[in-house]
Amino acid sequence: MSIERVILAFAGFAILLSLAFSQVFNPNWMWFTAFVGFNLFQSAFTGFCPLAIILKKMGLKSDAAA
């Protein structure tokens, strides 16, 4: 699995999990949803993604490294 796919899967999972937590535990979990969305948005423009850096250090390969 490539870095790009892992990032999309992780972001989707984090958003769904925080939405569930906001319904079950505390509405403040929506702030985490907003953080993930903002991070995806800024990454589209800047190319900077903290998770991508971590995944590269773990040895995953990028689709864009062709």
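Assorted remarks:
- Counted residues, the stretch 30-66 - those being aromatic (Phe, Trp, Tyr) and closer than 15 Å to Ser18 by Cα: 4
- Selection status of Leu19, part of a helix (DSSP H, G or I), hydrophobic (A, V, I, L, M, F, W, C), touching a helix residue (DSSP H, G or I) at 6+ places or on another chain (Cβ under 9 Å) and within 27 Å of Gly59 (Cβ to Cβ): no
- When restricted to residues that are surrounded by 14 or more Cβ atoms within 10 Å (Cβ to Cβ), of a type in the set (Phe, Trp, Tyr) and either in contact with a Gly (Cβ under 6 Å, 6 or more places away or on another chain) or without any contact (Cβ under 8 Å) to a residue 12 or more places away in the chain (or both), the stretch 1-46 contains 2.
- Any hit, the stretch 47-66, residues being in contact with a Ser or Thr (Cβ under 8 Å, 6 or more places away or on another chain), acidic (Asp, Glu) and surrounded by 11 or more Cβ atoms within 10 Å (Cβ to Cβ): no
Laboratory data are not the source of any read-out in this text; all were calculated from the coordinates shown. Keep in mind that what you see is a predicted model, and the values were worked out from it rather than measured. Positions of Cβ are generated from backbone atoms using ideal geometry, with glycine treated the same way; all protein chains shown enter the neighbour counts.
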